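> Take a look at this one; I'll ask things after.
The values are calculated or read from the model by the stated rules, or taken from the named source; none is laboratory data. Nothing here was measured: the structure is a model prediction, and the numbers come from that model. Please note: Cβ atoms are built from the backbone with ideal geometry, for glycine as well, and neighbour counts cover all protein chains shown.
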Amino acid sequence: MLFEMTNPATNRSTHGGVQEFIAEEGTCFFPYWMMQNLLLTEGDLVRITNTTLPKGSFVKLQPVHSDFLDIHNPRAVLENSLRNFATLTVGDCVVIDYNQRKYEIEIVECKPAKAISIIEADVNVDFAPPKDYKEPAAPVASAHVAAKVEDAPEPVPEDTGPKLFGGSGQRVDGKPIKTPLASPASGPAAAPVYDEEAIMPWIKRIPRGVKWTSPPYGYGAGHMTGAKG
């Protein structure tokens with residue numbers, strides 16, 4: 001059995017079921033949170049009528065205070081607490097007990113009507129952020145770090161072209177090799193210059209031996225080149 005309760009003085013109404021039929025005739029006991037929704041005080045008159053409500057398919061809930069988020073798995077706590085209710089009405093603020101504390105939950109939206117029955121009903125539950133919830137402020141340091149990254153110089157691209165031999169060479173005669181020095185403006189050092197005549201003297205060899213090119217052309221006093229003396 002479902003009923004609609006209305007405060008004739010304010011014309012505010014809500015819905016609910018019956019827990020026990022033990023009150024005296026003309027007397028009805030409401031939960032305190034329901035009296036607050038109807039703006040009732042103890043001893044006020046209330047009009048109660050029998051009603052029929054559609055089975056709910058969707059409800060959107062909103063905690064009044066953000067301390068509800070401190071509960072471990074608040075969704076499971078809410079869904080389990082709704083089993084103690086027979087109806088839900090848009091605009092009502094219900095109270096659930098958990099871990100010796102009371103939490104106020106406002107009914108923001110119901111489907112398919114503004115008042116629904118949730119007895120043996122498969123209801124999809126959605127949650128809105130608490131009324132006093134505030135988004136955390138973005139840290140200022142992150143913007144400062146981003147500015148430093150943007151002002152950083154661009155890296156110099158690495159030279160991927162062919163590179164010359166960077167080691168040192170040696171001459172056959174042991175003389176030092178003339179190697180030009182590299183300068184920052186001209187880039188890497190050029191290849192070392194080798195003296196071919198010093199490394200390969202046979203290139204300039206004279207067939208059949210050494211010949212004299214200046215007087216006395218190998219002839220001296222009492223001596224002839226190639227003659228045994």
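> Is there a residue being touching a helix residue (DSSP H, G or I) at 6+ places or on another chain (Cβ under 6 Å), among the acidic types (Asp, Glu) and part of a loop (DSSP other than H, G, I, E, B) anywhere in segment 133-144? Even if it seems obvious, please write down each step before you answer.
We begin by selecting, within segment 133-144, every residue touching a helix residue (DSSP H, G or I) at 6+ places or on another chain (Cβ under 6 Å); these are 133.
Then drop every residue that is not among the acidic types (Asp, Glu), which leaves none.
Among the residues of segment 133-144, not one is touching a helix residue (DSSP H, G or I) at 6+ places or on another chain (Cβ under 6 Å), among the acidic types (Asp, Glu) and part of a loop (DSSP other than H, G, I, E, B), which makes the answer no.
> Quick test of your reading of the structure: Gly43 fulfils all but one of (1) touching a Leu at 6+ places or on another chain (Cβ under 7 Å); (2) assigned by TED's automatic domain parsing to the domain that holds Arg12. Name the failing condition by number.
(1)
> From (1) modelled with pLDDT of 90 or more; (2) loosely packed, with under 12 Cβ neighbours inside 10 Å; (3) acidic (Asp, Glu), pick out the condition that doesn't hold for Glu158.
If we test Glu158 against (1) modelled with pLDDT of 90 or more; (2) loosely packed, with under 12 Cβ neighbours inside 10 Å; (3) acidic (Asp, Glu), just (1) comes out false.
> Of (1) assigned by TED's automatic domain parsing to the domain that holds Gln100; (2) surrounded by 16 or more Cβ atoms within 10 Å (Cβ to Cβ), Asp70 satisfies all except one. Which?
Just one mismatch for Asp70, condition (2).
> Also: So, in segment 66-121, of the ones that are of a type in the set (Asp, Glu) and in a loop (DSSP other than H, G, I, E, B), which residue ends up nearest to Met5 (Cα to Cα)?
Of all residues in segment 66-121, those of a type in the set (Asp, Glu) come to 67, 70, 79, 92, 97, 104, 106, 109, 120.
Those still in the list that are in a loop (DSSP other than H, G, I, E, B) too: 92, 120.
Numbers: Asp92: 12, Glu120: 22 Å.
Out of the qualifying residues, it is Asp92.
> Confirm whether Asn80 is polar (S, T, N, Q), loosely packed, with under 15 Cβ neighbours inside 10 Å and without any contact (Cβ under 8 Å) to a residue 12 or more places away in the chain.
Numbers: polar (S, T, N, Q): yes; loosely packed, with under 15 Cβ neighbours inside 10 Å: yes; without any contact (Cβ under 8 Å) to a residue 12 or more places away in the chain: yes.
Spelling it out, Asn80 is indeed polar (S, T, N, Q), loosely packed, with under 15 Cβ neighbours inside 10 Å and without any contact (Cβ under 8 Å) to a residue 12 or more places away in the chain.
> Can you tell me which residue is surrounded by the fewest Cβ atoms within 10 Å (Cβ to Cβ) among those in segment 83-107 that are farther than 20 Å from Asn124 by Cα and polar (S, T, N, Q)?
Step by step, filter segment 83-107, then rank; the result is Gln100.
> Next question, about the same structure. Can you name every residue in segment 89-113 that is among the hydroxyl-bearing types (Ser, Thr, Tyr) and closer than 19 Å to Ala76 by Cβ?
Filtering segment 89-113 down to residues among the hydroxyl-bearing types (Ser, Thr, Tyr) leaves 89, 98, 103.
Hits for segment 89-113 are Tyr98, Tyr103.
> Can you report the number of residues in segment 43-67 which are touching a strand residue (DSSP E or B) at 6+ places or on another chain (Cβ under 7 Å), farther than 23 Å from Asn11 by Cβ and among the charged types (D, E, K, R)?
Going through segment 43-67 one residue at a time, the tally reaches 2.
> Whether any residue in segment 16-24 is outside any loop (DSSP other than H, G, I, E, B) and surrounded by 11 or more Cβ atoms within 10 Å (Cβ to Cβ) is what I want to check.
As a first pass, look at segment 16-24 and keep what is outside any loop (DSSP other than H, G, I, E, B): 16-17.
Now drop any that are not surrounded by 11 or more Cβ atoms within 10 Å (Cβ to Cβ), which leaves 16-17.
Yes, that holds for at least one residue.
> Is it the case that some residue within segment 76-86 is at pLDDT 90 or above, closer than 20 Å to Lys114 by Cβ and in the same structural domain as Pro112 (by TED's automatic domain parsing)? Give the derivation first.
First pass over segment 76-86, keeping only residues at pLDDT 90 or above: 85-86.
Narrowing further to those that are closer than 20 Å to Lys114 by Cβ: 85-86.
With the extra rule that they be in the same structural domain as Pro112 (by TED's automatic domain parsing), the set shrinks to 85-86.
Yes, that holds for at least one residue.
> Further question on the same structure: Any residue at all in segment 66-74 that is in contact with a Lys or Arg (Cβ under 9 Å, 6 or more places away or on another chain) and among the aromatic types (Phe, Trp, Tyr)?
no
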